[in-house]
Amino acid sequence: MDADVLIIGGGVAGLTLGARLAEAASRVVVLEAEAAVGYHTSGRSAALFEPTYGLAPVRDLSFASADWYHGSGLLSPRGVLLVARADERETFEDDLQAMAMTRLDLDEVFARMPVLRRDVVALAAGREDVFDIDTDRLLQDSVKAIRAGGGEVRLKARAEAIRRDGGVWRVRVGGEELCAPALVNAAGSWVNEVAAMAGVAGPRFQPYRRSMARVPAPEGLDVSRWPMTFGPGESWYVKPDAGALIVSPAEEHPMEPHDAWPEDMVLAEGIARFEEYADAPVTRLLSSWAGLRTFSPDRVLVIGPDPVAPGFFWQAGQGGYGFQTAPAASRLGADLVLGRAPEVGAALAAAVSPARFG
């Protein structure tokens, strides 16, 4: 065998799973098609740890990740703010409940974010226990852990063919065929393509584009302590980034898997939404990019052994929750690959199992 476990995908899902398996003395080989780890969605994340974000199983994985994150040194305070007009009260109330926020005094909000328009913003809520994640360090620490355990992270290693023969998964990469008894599909937006190559049916996943623009901070203002701020119904958001601001229309446009890029009109729409609530005209972009957030049919992660294909495991459907769930999701994935009782509990393991799709 070339490895105990082959993992296809060098994003946050595949790398953190590989690190957990390496800690358990499994030799792991991660195959990443691009020239760098985290090249696609993982490298284009808003990088926020907000454990109330997502459906119930997603939140459970996020809360199960909290202790690890708070002891990791990877978090820094950010906070989150929700603002709305008076006529958006119903959506505002829904968001407030869903994200367990507290209503805020408007004068305090305007003092903290002086660009918000007093003639527009009538409702505000927030939380302080929300943090930025050092995503690059998490990815690089995972690579180091895999290598320290005797494994490999191979770049420019696109899987070209997959077959199962004699109880072993065989993956052709270039002119080489790699063999292992266990194969993990952590291919992000390419998860359907990898499953089809392996002859595994499984659920159908859908990538959705989300775009971001990095714009200059309003002149004369220090934005470093501003919270990440959302419009009602996640219609837009703005987040400080190294002395500038990231503005996103928070769109979900279905896409085929590809190296995503933003569309000018979509970015303009998101910036216009932000400018409706803030007296901060955007006159130029510093940069822009897009990522594909890939969801399962029920928008919950898919983690565990395929119910039909022996030795085939899923670590997929992270959507927009890959980083915030990574510590618990990778522990669960490792437990299931190694045949251990899941540390997160049987109920949560069942809620994210591929077997739920029949």
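Applying 1/(1 + (r/R0)^6) with R0 = 25 Å to the Cβ-Cβ distance of Ala122 and Leu285, what FRET efficiency is obtained, to the nearest 0.05? The formula returns an efficiency of 0.25 here.
Cβ-Cβ distance of Glu108 and Glu176, R₀ of 41 Å, FRET efficiency by 1/(1 + (r/R0)^6): the value works out to about 0.10. Taking every alpha-carbon pair under 8 Å whose residues sit at least 6 apart, the chain reaches a relative contact order of 24 percent. Each label point was placed 7 Å from the Cα along the Cα-to-Cβ direction; for Asp67 and Lys156 their separation is 4.4 nm. A Gaussian network model of the chain, with springs between Cα atoms under 10 Å, assigns the largest mean-square fluctuation among Leu285, Leu183, Leu82 to Leu285. Helices in the chain, meaning DSSP H runs of at least 4 residues, each add -39500 (n - 2.57). Divided by all residues, the mean residue ellipticity at 222 nm is -9000 deg cm²/dmol.
A 1.4 Å probe, protein heavy atoms only, puts the accessible area of Asp107 near 90 Å². The convex hull defined by the C-alpha atoms of the stretch 1-108 has an orientation-averaged projected area of 10.1 nm².
Ignoring ligands, DNA and RNA, please state the percent of accessible area on the chain from carbon and sulfur, probe 1.4 Å. Carbon and sulfur: 50 percent of the exposed surface of the chain.
Scanning the chain for helices, which whole DSSP H stretches are 18 Å or more long along the axis (Cα) and average 0.5 or more by Kyte-Doolittle?
Taking the DSSP H segments of the chain (at least 18 Å long, mean hydropathy at least 0.5), we get none.
Rounded, prolate or oblate: which fits the stretch 142-191, taking a ≥ b ≥ c as square roots of the Cα gyration tensor eigenvalues, rounded meaning a/c under 1.5, else prolate when a/b beats b/c? The shape class here is prolate.
When the scattering of the chain is computed by the Debye formula from its Cα atoms alone, each counted once and equally, what is log10 I(q)/I(0) at q = 0.09, 0.11 Å⁻¹? Debye intensities relative to I(0), on a log10 scale: -0.50, -0.73. Of the trypsin sites (Lys or Arg not before Pro) in the stretch 211-306, the ones in a loop by DSSP (not H, G, I, E or B) with at most 10 other beta carbons within 10 Å are Arg284.
The calculated FRET efficiency for the pair Glu276 and Met1, based on their C-beta separation and a Förster distance of 51 Å, comes to about 0.30.
Per residue, how much accessible area does the chain have with a 1.4 Å probe, in Å²? Working shown, then result.
Working: 14890 Å² over 358 residues.
Averaged over the residues of the chain, the accessible area is 42 Å².
Relative to the Cα centre, the charge distribution of the stretch 104-221, modelled as +1 at Lys and Arg Cβ and -1 at Asp and Glu Cβ, gives a dipole magnitude of about 700 debye.
Multiply the residue gap between Arg204 and Asp259 by 0.36 nm, knock off their C-alpha separation, and tell me the result in nm, one decimal place. Intermediate results must be reported in sequence, preceding the final value.
Working: separation 55, 0.36 × 55 = 19.80 nm, distance 1.98 nm.
Between Arg204 and Asp259, full extension yields 17.8 nm more.
The values are calculated or read from the model by the stated rules, or taken from the named source; none is laboratory data. If you're wondering where the values come from, they're calculated on a predicted model, not measured in any experiment. Methodologically, a virtual Cβ is constructed for each residue, glycine included, from the backbone with ideal geometry; neighbour enumeration extends over all protein chains shown. When the accessible area is computed, the model is the full protein with side chains, heavy atoms only, and any ligands, DNA or RNA have been set aside. Shrake-Rupley method; radii C 1.70, N 1.55, O 1.52, S 1.80 Å.
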